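The structure under discussion appears below in the form of structure tokens.
The values are calculated or read from the model by the stated rules, or taken from the named source; none is laboratory data. Nothing here was measured: the structure is a model prediction, and the numbers come from that model. Note that we place each Cβ from the backbone using ideal geometry, even for glycine, and neighbour counts take in every protein chain shown.
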Amino acid sequence: MDYFNQTSERLHYRKIDHTDIEAWVDFFRDNKQLAFVGVKDDKEPQALSTDWVTSRIERYKTEEYGLLSAFDEQTGELVGMAGIIPTELEHQNYYQIGYSVKPRFWNQGYASEMALQMQNFAEKHVQTSMLIAVINHDNIHSIRIAEKMGMSLWKETNFKGSDVQVYATHYV
């Protein structure tokens, strides 16, 4: 299966590209959860979107996986971004399931759908004994999604300057 061309029940996924900048600007407007993904809203939404998209495209040059744009199959609208993210945590390398959803699509099951799709891909195609989700203590919605993926609290640590909880699924 091609990592960069996946589908789930309502979504199709592809590599992020610069054409996503305009549609992703909405993620940075009136989003009270930006701190959960490590974003300080000290710039205008357009600049934040440009930085976000550009940095994700740059990761493709050095990493096998990364975030993908997720589009609604019916409307073609960008709903969010999700993927398998190589992550260094406490000097160890892991694969993290990551996702972000534009605020107008919250509470519609898209984050769960994206996370489960990436987990399913990883279980079949990624050589790893464990997947992780790095979650801010206050991000109750992401904790619930990690639990839906069968993950449980593994540890608490500091990640990129924030105190976080790390949820994990172990495959033995």
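The set of residues in region 60-73 that are of a type outside the set (Phe, Trp, Tyr) and outside any strand (DSSP E or B) comprises Lys61, Thr62, Glu63, Glu64, Gly66, Glu73.
I'm checking my understanding of the structure. Among residues of region 58-73 that are touching a helix residue (DSSP H, G or I) at 6+ places or on another chain (Cβ under 7 Å) and of a type in the set (A, V, I, L, M), which one is farthest from Trp24 (Cα to Cα)? Among residues in region 58-73 that are touching a helix residue (DSSP H, G or I) at 6+ places or on another chain (Cβ under 7 Å) and of a type in the set (A, V, I, L, M), the one farthest from Trp24 (Cα to Cα) is Leu67. Number of residues in region 21-38 that are within 14 Å of Val101 (Cβ to Cβ), part of a loop (DSSP other than H, G, I, E, B) and either in contact (Cβ under 8 Å) with a residue 12 or more places away in the chain or aliphatic (A, V, I, L, M) (or both): the value is 4.
Within region 1-32, the set of residues being out of contact with any Asp or Glu (no Cβ under 9 Å at 6 or more places or on another chain), buried (at least 17 other Cβ atoms within 10 Å of the Cβ) and under 23 Å from Ser162 (Cβ atoms) comprises Trp24, Phe27.
Can Ile57 be described as touching a residue at least 40 places away in the same chain (Cβ under 8 Å), among the hydrophobic types (A, V, I, L, M, F, W, C) and assigned to a strand (DSSP E or B)? Criteria not met by Ile57.
Answer yes or no as to whether Ile145 is within 24 Å of Tyr3 (Cα to Cα) and touching a Ser or Thr at 6+ places or on another chain (Cβ under 7 Å). The answer is yes for Ile145. Once region 34-52 is narrowed to residues that are surrounded by 17 or more Cβ atoms within 10 Å (Cβ to Cβ) and more than 18 Å from Met114 (Cα to Cα), the residue that is modelled with the lowest pLDDT is Val39.
Looking at region 74-91, is at least one residue in a helix (DSSP H, G or I), over 15 Å from the mean Cα position of the chain (by Cα) and buried (at least 17 other Cβ atoms within 10 Å of the Cβ)? Within region 74-91, none of the residues are in a helix (DSSP H, G or I), over 15 Å from the mean Cα position of the chain (by Cα) and buried (at least 17 other Cβ atoms within 10 Å of the Cβ). Considering the conditions (1) assigned to a helix (DSSP H, G or I); (2) touching a strand residue (DSSP E or B) at 6+ places or on another chain (Cβ under 9 Å), Asp163 is excluded by exactly one of them, (1). The condition of being over 14 Å from the mean Cα position of the chain (by Cα) and modelled with pLDDT of 95 or more holds for only one of Gln96, Gln119, Gln108, Gln127, that being Gln108.
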